[in-house]
Amino acid sequence: MKKIIYLLLTAIMLCTVACFDVIHYIEPRNDKTVFIQFRVITGLVNNKEFDNNFTKNNITKLYPGVNFTFTQIATDFEKGFEITATIKENLLKYYKDSATDNNLNTIIPYKDNKNQYILIYDNNEFQANKKDEELSSGLTDAVFSSINYKIIVPGSLNPKHVHLITYNESAKTMYLNPYKVGQQYFIEVPASLILQNLCAIIISSNNAINDKDITVKLNNLYVKHKQEQQKREEALQNKDTEQQQNNESIDNSDKNNNMNDNAEESDDSYNNDNNPSDDFNDHNENGK
């Protein structure tokens, strides 16, 4: 998730005057596959750095084992990218810790044993980076409001309930209201929440949503991130302590050197004071 967020936020910072439209289409099919289409579009931006962010390698390499089709979009009026994939339904699992430490449930939902489709937005690692955290904190609500994020599902899914659960020490549930346009349901997602929080979206065709398991997963992720954050802070503190000790050692060394230099100067002065002067020696020689 962090890399997708980073790409989006970087693009936003490059063109803050433009609006972003994010279309996330999820279609379960009769052949036990799920078709995914993820499309990000903004107004035309003539910016080479923007083009470099949205390349096939930067997007598809985040999802090893998934055969994505990547399309870069550039017209007279808009620019962006689109990725599509068809995944077997039994592969829609919960990716807790992949080999590359990526959260695949950002774009690809997982399906639980209650036939609920769940997306997880975990930007903790993005926020943990100090430089990126400064970038994130610099984005205002006005910038976030320029992101229009819609999840679209077919009418055959018939989503009766959609919950957005954020987790910060405890779970907080918000209810999203899907609305139907033609044969499809649209779900408006508040971009500021998913870009700034650990959260999940549950899409259910059941009469009620069972969110117990996902709340436990979010809690486990939260605890894990807190432990990782504590380790980072302890490492930084140890580094600062070590640096301080090195500085004190250098200061003490300099003080000892100065004391030795002063002692040598005092010895030289003492020796000079105890040596008879030339006039005194001349007087003794004349007296003889």
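Any read-out appearing in this document is the output of simple, stated calculations on the displayed coordinates, not a laboratory observation. Values in this document were obtained by computation on a predicted structure and should not be read as measured data. Every residue, glycine among them, receives a Cβ derived from its backbone with ideal geometry; neighbour counts consider all protein chains shown.
Neighbour counts of other Cβ atoms within 10 Å put Thr33, Thr42, Thr69 in the fewest-to-most order Thr69, Thr33, Thr42. This ranking places Cys19, Cys199 by how few other beta-carbon atoms lie within 10 Å of each, fewest first, which gives Cys19, Cys199. Students often get this wrong, so check it: of Lys88/Lys231; Lys150/Lys231; Lys32/Lys180, which have C-alpha atoms separated by over 31 Å? Long pairs (Cα-Cα over 31 Å): Lys88/Lys231; Lys150/Lys231.
Extension gain, Asp240 to Asn177: 0.36 nm times the residue separation minus the Cα-Cα distance gives 17.7 nm.
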